[in-house]
Every structure is written in structure tokens, then in C-alpha cells.
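Peer 1: Can you read through this structure? Questions will come right after.
The values are calculated or read from the model by the stated rules, or taken from the named source; none is laboratory data. Computed from a prediction, not measured in an experiment: that's the story for all the values here. For neighbour counting, all protein chains shown are included, and Cβ atoms are generated from backbone atoms with ideal geometry for every residue, glycine included.
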Amino acid sequence: MSTVGASIVYNVPVHSMMSLAGRRALVTGGSGGIGRAIVDEFLDLGAAIGVTDLVAPEVDLASGAVFCAADITDETDVQRMFDTLTTSLDGAFDILVNCAAIAGTGRPTHLASAEDFDHVFAVNVKGAFLCGGQFIARCLERDAEGVIVNVSSINGVIGSADIPLYHATKAALQLLSKCDAITYADRKIRSNCVLPGSTRTELTLRAQAESDDPDGYVRRLVQAHPIGRQALPEEIARVVAFLASDASAFVTGADVAADGGYTAQ
């Protein structure tokens, strides 16, 4: 029996409640990095997965996952993607993971352009809004429970001199998530955010390689986290899986930091 919404089940082992068997999940930005780790984790937990991104994964997806390229900033393309994947998976989605995101420009506010603003907000906020809107509408049409997990960032709760527009998008995503949690709680649709700290992905490895001081780049990242290292994508994926599962049935509207103690300082 599902407890995605507000059903109460007693005396059920946690490992059973973590199972995603019989569920269908959509993961945006699932071709690489944290998104790909989420896809693999969900597959291990028994879910059928729809994956969307601008480009297909470089490493083939395992059995149980279907890919559909889409531009999540385009409302018509988002609807097409949902239709295509639900047909391919022979059923509607129970879980949405909004993981697609870009860092955008590192220029400060007085140097950033309106185009810089529009681009990063389109992907990081509008994309999650459009996918969330499609997901919620389809759950409501079926009178079905649902779960949304938004992959935000510690940058949504702290300020810094770098990538200010990225920080702003993540803060916006977190408040959108909270509003959806409140609005749809009585329809048994939950919405939460995961806030990763620095995570060892292809993007951070590329940034390290392109840095004038690669060793210093990593040292600064590690020193910023009390736990003394970067996260692995798989560690973030496990937190997302918890929030997508029945093990977190009473959790909604939350921002869950997976940051090695960064925001505790």
C-alpha cells in the first residue's frame, strides 16, 4: 500500500518503505552528474524511469529507463515529453525529480545582462515550474498521490560574491516548492527540496581542470565543508530517494541539506 501522501502504515520496515517498485519517476537533467546518479538509484529501488535532458546520456541507461530529449523551458515541448514518456512507460508518473539546472554567468549584478538573467531563470526556475505544473495537473486529473523532489543547492540559502543569479534561482525554487507543498497537501501531493553542497560531478571536475590552481580549487571546496570532502553524486541520490519514497510520507515543504555541514556553520 502506498503512503506517498497521508496514509499511515505502522510496523513496516524502513527498507520496505524505501522501495520504489511499481512507481514511475521522471528525472529532468538525468543524463549526467547528480541526475544520472538519481536515475541509477531509483532503478536499483525498483522504479521505472523517464529521463529527460537536452542531450542523451553518454553511457547507455539501464533496463527500466527511457530517454526523451526535451527543452524544459518550452511549455509545448514539456507537454510533448510527458506524453511521450508516459506512453513509453505505459502509465503516468508518480514521482517528479527536478534536477536540470545550469550555473549561468558568474558576472556580478552590475555586469550581468538581462539575457544572462533570463537564461538561468528559464532553466532553473521556469523549467521546474513547467514540469511541476504538468506533473501536478496529471496527478489531479487521476486523483492520484504524487511526490516532487526539487534538487536545489546550499546556494539557495547563503549569499556569496560568485554566481549571484544562480543563488537567486535556487532560492526561488525552494519557495516554489514550499508553496506547492502547502497548496496540494490535501490532495496527497508532497514537495520537498534537497540542498547539495559541493558535489564531485563532471562539472566540478571540469572547473577544477580549467582552474589556474587545480589543487587550490579543490582545497577551497573541501575546507568549506566541515566533513572535509565533496559529496559523491550517489550520496545526494540517496537523499532524493528517501524523499521520493514512503519512508518520508510525513515530510513535505522541507529543505533537506546534504552539504557535509556547510550550512551548519
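Peer 1: Any idea which of GLY46, GLY50 is modelled with pLDDT of 95 or more and surrounded by fewer than 14 Cβ atoms within 10 Å (Cβ to Cβ)?
Peer 2: The unique qualifying residue is GLY46.
Peer 1: List, please: which pairs have Cβ atoms under 7 Å, are six or more places apart or on different chains, and start with a residue in the range 224-249 that is under 16 Å from CYS193 (Cβ atoms) and in contact (Cβ under 8 Å) with a residue 24 or more places away in the chain and end with one that is among the small types (Gly, Ala, Ser) and part of a helix (DSSP H, G or I)?
Peer 2: ILE236/ALA37; ALA237/ALA37; PHE242/SER248
Peer 1: Something else: When you scan the range 129-144, do you find a residue that is assigned to a loop (DSSP other than H, G, I, E, B), under 22 Å from ALA181 (Cα atoms) and either touching a Ser or Thr at 6+ places or on another chain (Cβ under 9 Å) or modelled with pLDDT of 95 or more (or both), even just one?
Peer 2: Scanning the range 129-144 turns up at least one residue that is assigned to a loop (DSSP other than H, G, I, E, B), under 22 Å from ALA181 (Cα atoms) and either touching a Ser or Thr at 6+ places or on another chain (Cβ under 9 Å) or modelled with pLDDT of 95 or more (or both).
Peer 1: Could you figure out which of (1) of a type in the set (Asp, Glu); (2) assigned to a helix (DSSP H, G or I); (3) modelled with pLDDT under 95 isn't true of ASP60?
Peer 2: (2)
Peer 1: Out of the range 192-221, which residues are touching a residue at least 24 places away in the same chain (Cβ under 8 Å) and farther than 16 Å from GLY106 by Cβ?
Peer 2: Passing the criteria: ASN192, CYS193, VAL194, LEU195, PRO196, GLY197, THR199, ARG200, THR201, GLU202.
Peer 1: Could you please let me know if PHE82 is at pLDDT 95 or above, aromatic (Phe, Trp, Tyr), crowded, with 16+ Cβ neighbours inside 10 Å and in a loop (DSSP other than H, G, I, E, B)?
Peer 2: No, not satisfied.
Peer 1: Do any residues in the range 154-168 that are farther than 15 Å from SER113 by Cβ have Cβ atoms under 6 Å from those of residues that are surrounded by 19 or more Cβ atoms within 10 Å (Cβ to Cβ) and of a type in the set (Lys, Arg), where the two are at least six apart or on different chains, and which pairs are they?
Peer 2: Short answer, once both residue conditions are applied: ASN155/LYS170; GLY156/LYS170.
Peer 1: Looking at the range 54-69, which of the residues that are in contact with a helix residue (DSSP H, G or I) (Cβ under 7 Å, 6 or more places away or on another chain) and within 12 Å of LEU85 (Cβ to Cβ) is surrounded by the most Cβ atoms within 10 Å (Cβ to Cβ)?
Peer 2: Out of the qualifying residues, it is ALA65.
Peer 1: Same structure, new question: Would you say ALA209 is assigned to a helix (DSSP H, G or I) and either under 30 Å from GLU115 (Cβ atoms) or modelled with pLDDT of 95 or more (or both)?
Peer 2: yes
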